[in-house]
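Visitor: Quick one: this structure, given as structure tokens, is what I'll be asking you about.
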Amino acid sequence: MLRLIFLLLFPFALSAQLKRFQFSENKMGAPFNLIFYHTDSLQANNMAKECFALVDSLNNIFSDYSATSEVGKLASMSLVKDQKVSDELFELILLSKNVWKRSGKTFDITIGALTQLWRKAKKVNRFPSNAEVKAAKDLTGFKNVTINESSGTISFKKTGIRFDFGGIVPGYAAQKVIDLLRSKNINIALADASGDIVMSNEPQGKNGWSIGITLPESENELWDKKLELKNCAVSTSGDVYRYTMHEGKKYSHIIDPRSGYGMTTQRNVTVITKFGTDADWLATACSILPIKKALKLAKKEHGVILIATLSGEKIVTYKSENFDKSFQKKQP
């Protein structure tokens with residue numbers, strides 16, 4: 001999700017000891033940016049390599065683009081029965097099932113068959129038929145997945161069921177990186193997994209990390225207000241970059257599991273939570289839910305939310321009561 005832009009407005013040297021280090025690599029098919037403060041450049045470089053290696057290891061588990069990832073291998077199996085999976089994959093399957101229920105089934109990692117259908121349709125510039133959408137939709141839902149917690153195994157009740165962790169893994173990965181840095185006593189850091197951002201303490205002399213939010217239907221134009229955040233996560237979901245046009249209607253890359261079709265509403269949703277995993281899935285779910293239900297879900301999940309929609313050429317916003325507290329304060 002490339003809708004959040006962190007603004008590098010901080011001096012390079014925080015003190016005689018700490019310096020800011022910035023690293024960027026292409027991970028999980030998109031830029032992964034990392035900033036943290038350290039006293040030694042060699043150690044900082046080694047730490048960055050360790051962080052990116054962690055991201056690679058997660059990609060090797062969760063990527064649905066790779067036939068050799070753990071998720072890719074599951075998709076290629078003709079029968080998935082009592083299949084032992086890695087601890088990381090099992091953890092996220094359990095969490096996702098819980099979230100599936102809490103979100104009113106709007107966040108669904110079993111949506112992979114629909115994801116593949118729409119990817120292929122976009123590639124060949126052909127809109128799927130109703131029959132194709134229905135067939136793929138029949139392969140979604142946790143009703144088709146059996147989870148055995150005692151053995152750490154899963155089974156699929158049908159052939160062709162696929163996982164798609166794209167709405168939760170970037171935030172999960174960013175959180176894992178920040179947790180790793182904290183374990184190494186690096187406590188001023190920001191991890192940006194293609195727009196899903198997790199951060200720890202604020203840079204010295206600042207009240208927080210300055211984060212910009214893009215406007216609906218705009219790739220580069222930002223709100224005039226910036227977020228100022230620390231020790232939390234923020235994620236924005238929208239249709240600026242990825243959508244399909246059909247008969248004059250824009251279908252977002254965000255698929256509603258209940259209908260099988262991409263969302264047609266023009267909406268940007270920004271969610272701030274304590275942890276990256278929660279911010280990621282909530283932004284997806286709240287892009288699908290009606291606005292009132294999205295606001296209610298964010299509150300129930302202890303997050304704050306800003307929803308920006310287009311009404312003609314006018315931007316209309318809906319937000320949590322306390323969302324404004326996250327905006328950067330004007331300097332006197």
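Visitor: Consider just the alpha-carbon atoms of the chain and return their Rg together with their Dmax, both in angstrom.
Guide: Radius of gyration, then largest Cα-Cα span, for the chain: 20.1, 65 Å.
Visitor: Taking N as the number of residues in region 70-156, what is its Cα Rg relative to 2.2 N^0.38 Å?
Guide: 1.18
Visitor: Given contacts defined as C-alpha pairs under 8 Å and at least six residues apart, what's the relative contact order of the chain, whole-number percent?
Guide: 17 percent
Visitor: Of the GluC sites (Glu not before Pro) in region 66-126, which ones lie in a loop per DSSP and count no more than 10 other C-beta atoms within 10 Å?
Guide: Of the GluC sites (Glu not before Pro), not one in the loops of region 66-126 has a Cβ with at most 10 other Cβ atoms within 10 Å.
Visitor: Tell me which GluC sites (Glu not before Pro) from region 277-332 have a DSSP coil assignment and no more than 13 other beta carbons within 10 Å of their own.
Guide: Filter output for region 277-332: GLU313, GLU321.
Visitor: Which order, highest average first, do 160-166, 120-126, 322-328, 262-268 follow once you tally other Cβ atoms within 10 Å for each residue and take the mean per peptide?
Guide: Ranking, from highest mean packing down: 160-166, 262-268, 322-328, 120-126.
Visitor: For a quick check of your reading of the filter: which GluC sites (Glu not before Pro) in region 124-229 sit in a DSSP loop and have no more than 15 other Cβ atoms within 10 Å?
Guide: Qualifying residues, ordered by number: GLU149, GLU219, GLU221.
Visitor: Compare the peptides 150-159, 108-117 by average per-residue count of other Cβ atoms within 10 angstrom and give them in order, highest first.
Guide: Listed from highest to lowest mean packing, they are 108-117, 150-159.
Values quoted throughout were computed directly from the atomic coordinates according to the rules given, and no laboratory measurement underlies them. Since this is a predicted model, take the numbers as computed values, not measurements. Don't worry about glycine lacking a Cβ; one is built from the backbone with ideal geometry, like all the others, and counts go over all protein chains shown.
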